[in-house]
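These notes concern the structure reproduced below.
Read-outs: derived from the displayed coordinates by stated rules, not from any lab. Fair warning: this is a prediction, and the values are worked out from it, not measured in the lab. Cβ placement follows ideal geometry from the backbone for every residue including glycine, while neighbour counts extend to all protein chains displayed.
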Amino acid sequence: MKKLLKVFNSLEEIIAGSLFGVMCITILCQMFSRIFLKKALLFSEEISRFCYIWVVFLCISLGEKKFEHFNVEVFLSFVKGVPNQLLRALTSLFCFGIHLYLLYWSVQFFDFQKVVKSAAMEIPMAVVAAGMVLGFFLGSVRCLVNAVNSVRKIGDMKGKEE
C-alpha cells in the first residue's frame, strides 16, 4: 500500500517530466531537420504541442501538491498557528470547488473532442483533452488532501494547547 501511495504521490512528476523530455527531443529533431536537412518534419509540431498541453495541466496538480497556487505567502507569513491553517484549509476548499467545476467542463470538452482528429497525424483530439481531465481530477484530489491536512494540523494545535 505504501508503494502504491508513493507512486501516486509522484505520478504527476513522472508523467510531466517524461512528456517534457519528449517535447524537447521532438523540438530538437525539428530544428535539426530544418537547419541541416532543409525539410520540416510533419509530426514534431503536433507532438510537442500535445506534450506541452499535458505538461501544463499536470503541473496544475503539482502546484496544488506543493501548495503553490492561489495563496499569498506574504499574507500567510504574518498569520501564525490556527488562523494560518484555517486560511490554508479555506483556500484549499475554494480551489477544490474550482477544480471540480473545471473537471466537469473538461469532461464535456473531452466528450466533444472524440470526433475531432489532429491535422498532421490524425490523432483523436480526445487524447489531448484527456490531459485536462486528468490534471483537474488530480488537482481536485490534491486540494482536498491539502484541506484535510490543514484541518488535522488545527486539531493537533488544539490538542497541544489543552
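How large is the dipole of the range 2-118 about the Cα centre if only Lys and Arg carry +1 and Asp and Glu carry -1, each at its Cβ, rounded to the nearest 20 debye?
300 debye
So what is the diffusion coefficient of the chain in µm² per second by Stokes-Einstein at 4 °C and 1.567 mPa s, using a Kirkwood Rh over Cα pairs?
Answer from the Stokes-Einstein relation: 72 µm²/s.
So, R0 is 45 Å and r is the distance between the beta-carbons of Asp156 and Ile25; what FRET efficiency does that work out to, to 0.05?
0.45
Roughly what angle does helix 82-113 make with the longest principal axis of the chain, taking Cα atoms, 0 to 90 degrees, to the nearest 10?
For 82-113 against the chain, the angle is about 30 degrees.
Would you grab the residues whose amide H sits under 5 Å from the one on Lys117? Only those 5+ places off in sequence or on another chain, please, with H modelled 1.01 Å from N.
So Lys117 has HN proximity to Met125.
What is the gain in length, in nm to one decimal, between Ile14 and Glu68 on full extension, counting 0.36 nm per residue of separation less the C-alpha to C-alpha distance?
Separation in residues times 0.36 nm, less the Cα-Cα distance, equals 17.6 nm.
Label points 7 Å out from Cα along the Cβ direction at Leu87 and Val145: separation in nm?
The modelled label-to-label distance comes out at 2.4 nm.
Pairing the Cα long axis of helix 126-161 with the longest principal axis of the chain, what angle in degrees results, from 0 to 90 and rounded to the nearest 10?
The angle comes out at about 20 degrees.
Could you tell me which of the pairs Lys2/Lys153; Lys65/Lys114; Lys6/Lys80; Lys66/Lys153; Lys6/Lys66 are separated by over 24 angstrom between their Cα atoms in the structure shown?
Violating the 24 Å limit, Cα to Cα: Lys65/Lys114; Lys6/Lys80.
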